[in-house]
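Each reported figure results from applying straightforward, stated rules to the coordinates on display, with no laboratory input. Bear in mind that the values here come from a model prediction, so they are computed numbers and not experimental data. Don't worry about glycine lacking a Cβ; one is built from the backbone with ideal geometry, like all the others, and counts go over all protein chains shown.
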Amino acid sequence: MIDLIVNGEAVRSDAAPETALLWVLREHLGLTGTKFGCGAGVCGACTVHVGGQPVFACLIPVGDLAGQEVTTIEGLSPEGDHPLQRAWVAEQVPQCGYCQSGQIMRAAALLAEAPDPSREEIRDFMSTNLCRCGTYNRIVKAVQRAAGEA
Ligand code: FES
Ligand code: FES
């Protein structure tokens, strides 16, 4: 059994320790906002926070997370109204939407470290997260909007 904290709640997982966090979140806890893209740490669709840092949930064995705090898109804000989520709506960022929870979680980690990032800093930090629909310019605008409102 592995005890961890997910979105502020204590969780006990009976998954095998080598199970990727992504599958514990999606299959065991029903937190399907975190997406499976590549499964290999190259797309960012599965981005969540562990201890406030952005990580690829597809790469992290749940056995490494005992006692750690995990935050998913469902836990980013109680009402889904985090400044980034409001900015995402205002800038109409998503197209198919598949990559977007990972994008928002990555952006939230950026703003936690750098509340007023430059366009270049945003592009650089967000470069780990791919979008097949090419919403990159709107992502930058939305992060800038959220930074201005935070
Ligand atoms: S699914 Fe984890 S990085 Fe692509
Ligand atoms: S909105 Fe479709 S992959 Fe990013």
- Of residues in region 55-71 being surrounded by 23 or more Cβ atoms within 10 Å (Cβ to Cβ) and within 14 Å of ligand 1 (Cβ to nearest atom), the one nearest to Ala114 (Cα to Cα): Phe56
- Query: Restricted to region 116-150, and to residues that are farther than 21 Å from Ala57 by Cβ and of a type in the set (Gly, Ala, Ser), which residue is farthest from ligand 1 (Cβ to nearest atom)?
  - Reply: Gly148
- Item | region 97-116, residues that are among the aromatic types (Phe, Trp, Tyr) and buried (at least 22 other Cβ atoms within 10 Å of the Cβ) | none
- Message: Consider region 72-93. How many of its residues are surrounded by 13 or more Cβ atoms within 10 Å (Cβ to Cβ) and within 15 Å of the chain's Cα centre (by Cα)?
- Response: 11
- Report, by residue number, each residue of region 28-46 that is within 14 Å of ligand 1 (Cβ to nearest atom) and surrounded by fewer than 17 Cβ atoms within 10 Å (Cβ to Cβ). Thr32, Phe36, Cys38, Gly39, Ala40, Gly41, Val42
- Task: Search region 71-83 for residues that are free of Cβ contacts under 8 Å to residues at least 60 places away in the same chain and pair each with any residue that is of a type outside the set (Phe, Trp, Tyr) and loosely packed, with under 14 Cβ neighbours inside 10 Å when their beta-carbon atoms are under 7 Å apart and the residues are at least 6 apart or on different chains.
- Result: none
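Do you know which residues across region 126-135 are part of a helix (DSSP H, G or I) and either touching a strand residue (DSSP E or B) at 6+ places or on another chain (Cβ under 7 Å) or within 17 Å of Gln95 (Cα to Cα) (or both)?
Step one: of region 126-135, the residues part of a helix (DSSP H, G or I) are 126-128.
Matches in region 126-135: none.
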- Being under 17 Å from Cys131 (Cβ atoms) and away from ligand 1 (no atom under 16 Å from the Cβ) narrows it down to one of Pro17, Pro94, Pro83, Pro78, so name that one. Pro94
- Task: Answer with yes or no whether Ala40 is away from ligand 2 (no atom under 16 Å from the Cβ) and without any contact (Cβ under 8 Å) to a residue 40 or more places away in the chain.
- Result: yes
- Applying the selection to region 117-137, what residues are under 14 Å from Ala87 (Cβ atoms) and surrounded by fewer than 18 Cβ atoms within 10 Å (Cβ to Cβ)? Asn137
- Only one of Arg138, Arg123 that is within 12 Å of ligand 2 (Cβ to nearest atom) and assigned to a helix (DSSP H, G or I): Arg138
- Message: Quick check on this structure: which one of Gln68, Gln53 is within 25 Å of Asp3 (Cβ to Cβ) and either in contact with a strand residue (DSSP E or B) (Cβ under 7 Å, 6 or more places away or on another chain) or in contact (Cβ under 8 Å) with a residue 60 or more places away in the chain (or both)?
- Response: Gln68
